[in-house]
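Single-structure report; data block below.
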Amino acid sequence: MMKLNTSLQSLSHSKCCTLAGSLNGRRSKPSRISCAIAAPPAEEVKMRVKRNENFGKLQAGYLFPEIARRRRAHQEKHPDAKIISLGIGDTTEPIPKSIAEAMQQAAAGMATLEGYSGYGAEQGKGELREALCQRFYSHVGRKPNEIFVSDGSKCDIGRLQMMFGADTTVAVQDPSYPVYVDSSVIMGMTGEYDEGSKGFGKLQYMVCRPENDFFPDLSKVQATDLIFFCNPNNPTGAAATRKQLEELVAFARKNGAILVYDAAYAIYIADSDLPQTIFEIPGAEECAMETCSFSKYAGFTGVRLGWTVVPEQLKFADGSPVIADFNRIMTTIFNGASVIAQAGGLAALQDEGFREMSDLVAFYRENAAILRKTFVDLGFSVYGGENAPYIWVGFPGKPSWDVFAEILEKCNIVTTPGSGFGPAGEGFVRASAFGHREDILEAVERFKKEFGKQ
Ligand code: MLT
């Protein structure tokens, strides 16, 4: 039995139980002795692996899990409360029919010899790259081979950071989508966090507030390597004009910077004078790459499908093409988006799918208009919500986390505190327009009841 114990110690709990239950070649009831011998060895492991010290610089957890934690705590305290989420921008409505059917067919096909497919091209299916190009980019000179299909724009933002070294300098809009800052911190690009300024020492925060129409004063921004720019903006909901984007491109070109342009909400732009892609701006192809996603277009937050456009003309300082390194990243640490998701993406770009997808976007836009009007009527300073699914509401002089807590306590509504997006977000909260219509209307009634008397 001693010998048996020694060999079983190296097995996992479940394997151990199974093996112990089939000793002597006969299946018998698993014995409890196997659990007792799975105890860890007495001596402590002395790890030699050092933690990546940049992780220690990150401030608290990632924003949205922290909000989810506070929501859970509130629910535990008030078990009967019907909480409405206007917090994380997560889609709520069903995926349009023709898009869902294309995915059903692709999934069913996987169970047949003819329909089965294994690994696909890491860059995405040719048909899908062509359809994306035709819908969104061929009029601005981009080509299908410059479009890389992926599992989402957030994932692409994380991956693309690997192309740059720790000594790369970075500028972000302030406030901004936390992934730009946190991924730069992890890469070692930002220096230490400074409690006083509530920011990282080496990161440039391009302040975007009502006073500058949410567009940074570029004359105050120093030359930098990377510029992250989200348009229409998450979280402020502001959408840049053509003139502003021309200024941005001119700034990037003048400084030899790469503009990482996040267009995840571009389909929400209602004003036809506003550019939908950075490549509408002449010269952007030599200084910009663009990421986008089906998440907020077609309700794919759970399906996972996005893309990144890297123009052939975009080069590093040594003259080598950025597209070659991005391709290397995608072929090395990514294995192509799910073939089922890609079937859905392709359907979304056909006439019927595109119509259905546009209706879905119109639905969330109406939610945004309802929320925006409510806050305006209640007398708040309100921004966004017209060309973006986010409404940015001012609570001057009040810390955002306190406002978040007050709204949760009084209305049972989850929002997102502005300061979670950067120091210049202090004094604001963000309301997301992604929700069922009845929840949005119920949220409106609760806001009116609690904030109408002020
Ligand atoms: C948000 O709420 O900012 C977004 O939904 C988060 C995301 O898209 O990753």
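Quick one: count up the residues across the range 48-76 that are assigned to a helix (DSSP H, G or I) and closer than 20 Å to T190 by Cβ. Break it down stepwise before answering.
In the first step, residues of the range 48-76 are kept if they are assigned to a helix (DSSP H, G or I); the result is 53-57, 63-76.
Next, only the ones that are closer than 20 Å to T190 by Cβ stay: 53-57, 63, 66.
Summing the residues that are assigned to a helix (DSSP H, G or I) and closer than 20 Å to T190 by Cβ in the range 48-76 gives 7.
Could you tell me which of the residues G115, G124, G165, G196 is of a type outside the set (S, T, Y), in contact with a Gly (Cβ under 6 Å, 6 or more places away or on another chain) and assigned to a loop (DSSP other than H, G, I, E, B)?
Testing whether each residue is of a type outside the set (S, T, Y), in contact with a Gly (Cβ under 6 Å, 6 or more places away or on another chain) and assigned to a loop (DSSP other than H, G, I, E, B) leaves just G115.
Looking only at the range 140-159, filter to residues that are within 16 Å of the ligand (Cβ to nearest atom) and in a loop (DSSP other than H, G, I, E, B); which one of those is farthest from S184 (Cα to Cα)? If you could, list the steps in order and put the result at the bottom.
So the first thing to find is which residues in the range 140-159 are within 16 Å of the ligand (Cβ to nearest atom), and the list is 150-159.
Restricting the remaining residues to those that are in a loop (DSSP other than H, G, I, E, B) gives 151-152.
Numbers: D151: 20, G152: 18 Å.
Checked the range 140-159; the qualifying residue farthest from S184 (Cα to Cα) is D151.
For a quick check of your reading of the model, give me the residue pairs whose first member lies in the range 246-264 and is over 19 Å from K220 (Cβ atoms), whose second is part of a loop (DSSP other than H, G, I, E, B) and of a type in the set (D, E), with beta-carbon atoms closer than 8 Å and at least 6 apart or on different chains.
Matching pairs, first to second residue: I258/D225.
Would you be able to say whether some residue in the range 161-184 is over 25 Å from W392 (Cβ atoms), out of contact with any Leu (no Cβ under 6 Å at 6 or more places or on another chain) and within 16 Å of the ligand (Cβ to nearest atom)?
yes
Is there any pair with a first residue in the range 121-149 that is touching a residue at least 40 places away in the same chain (Cβ under 8 Å) and more than 22 Å from P275 (Cβ to Cβ) and a second that is in a helix (DSSP H, G or I) and hydroxyl-bearing (S, T, Y) whose Cβ atoms are under 7 Å apart and which are 6 or more apart or on different chains, and what are they?
If the second residue must be in a helix (DSSP H, G or I) and hydroxyl-bearing (S, T, Y), the pairs left are E122/T331.
Pick from A106, A100, A131, A111: which is small (G, A, S) and either within 16 Å of the ligand (Cβ to nearest atom) or surrounded by fewer than 15 Cβ atoms within 10 Å (Cβ to Cβ) (or both)?
Just one listed residue meets the conditions, A111.
Residues checked against (1) within 19 Å of the chain's Cα centre (by Cα); (2) more than 16 Å from the ligand (Cβ to nearest atom); (3) part of a helix (DSSP H, G or I); (4) buried (at least 17 other Cβ atoms within 10 Å of the Cβ):
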residue: N234; (1), (2), (3), (4): yes, no, no, yes
residue: V260; (1), (2), (3), (4): yes, no, no, yes
residue: A270; (1), (2), (3), (4): no, yes, no, no
residue: D273; (1), (2), (3), (4): no, yes, no, no
residue: Q276; (1), (2), (3), (4): yes, yes, no, yes
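Residues being part of a helix (DSSP H, G or I) and in contact (Cβ under 8 Å) with a residue 24 or more places away in the chain: count how many of those fall in the range 335-357.
Going residue by residue through the range 335-357, those that are part of a helix (DSSP H, G or I) are 339-348, 351-357.
Now narrow it down to the ones that are in contact (Cβ under 8 Å) with a residue 24 or more places away in the chain: 339-348, 352-354, 356-357.
Qualifying residue count, the range 335-357: 15.
If a residue must be within 14 Å of the ligand (Cβ to nearest atom) and either under 20 Å from P311 (Cα atoms) or surrounded by 24 or more Cβ atoms within 10 Å (Cβ to Cβ) (or both), how many such residues does the range 278-296 contain? Before the answer, list the steps.
In the first step, residues of the range 278-296 are kept if they are within 14 Å of the ligand (Cβ to nearest atom); the result is 291-296.
Pick out the ones that are also either under 20 Å from P311 (Cα atoms) or surrounded by 24 or more Cβ atoms within 10 Å (Cβ to Cβ) (or both) and you get 291-294, 296.
Looking only at that region, the number is 5.
Taking the condition more than 16 Å from the ligand (Cβ to nearest atom), closer than 29 Å to K97 by Cβ and either more than 19 Å from the chain's Cα centre (by Cα) or surrounded by fewer than 23 Cβ atoms within 10 Å (Cβ to Cβ) (or both), does G302 pass?
Values: more than 16 Å from the ligand (Cβ to nearest atom): no; closer than 29 Å to K97 by Cβ: yes; either more than 19 Å from the chain's Cα centre (by Cα) or surrounded by fewer than 23 Cβ atoms within 10 Å (Cβ to Cβ) (or both): yes.
No, not satisfied.
Take V181 and decide whether it is crowded, with 23+ Cβ neighbours inside 10 Å and not hydroxyl-bearing (S, T, Y).
So V181 passes the test.
Considering only residues that are farther than 28 Å from G165 by Cβ and among the charged types (D, E, K, R), which ones fall in the range 262-316?
Correct list: D271, D273, E280, K296, R304.
Out of the residues in the range 47-96 meeting the condition of being within 13 Å of the ligand (Cβ to nearest atom) and among the charged types (D, E, K, R), tell me which one is farthest from A343 (Cα to Cα). Working first, answer last.
Start the filter on the range 47-96 by keeping residues that are within 13 Å of the ligand (Cβ to nearest atom), which leaves 62-68, 85-92.
Subsequent filtering for residues that are among the charged types (D, E, K, R) retains 66, 90.
On the way: E66: 34, D90: 22 Å.
Out of the qualifying residues, it is E66.
Is it the case that the range 393-408 has a residue that's of a type outside the set (S, T, Y), under 23 Å from I95 (Cβ atoms) and in a helix (DSSP H, G or I)? Show your work before the answer.
Let us first name the residues in the range 393-408 that are of a type outside the set (S, T, Y), namely 393-399, 401-408.
Adding the requirement that they be under 23 Å from I95 (Cβ atoms) leaves none.
Checked the range 393-408: no residue is of a type outside the set (S, T, Y), under 23 Å from I95 (Cβ atoms) and in a helix (DSSP H, G or I).
Each value in this text was obtained by applying a stated rule to the coordinates, not by laboratory testing. Source: prediction; values computed, not measured. All Cβ positions, glycine included, derive from the backbone under ideal geometry; neighbour counts span all protein chains shown.
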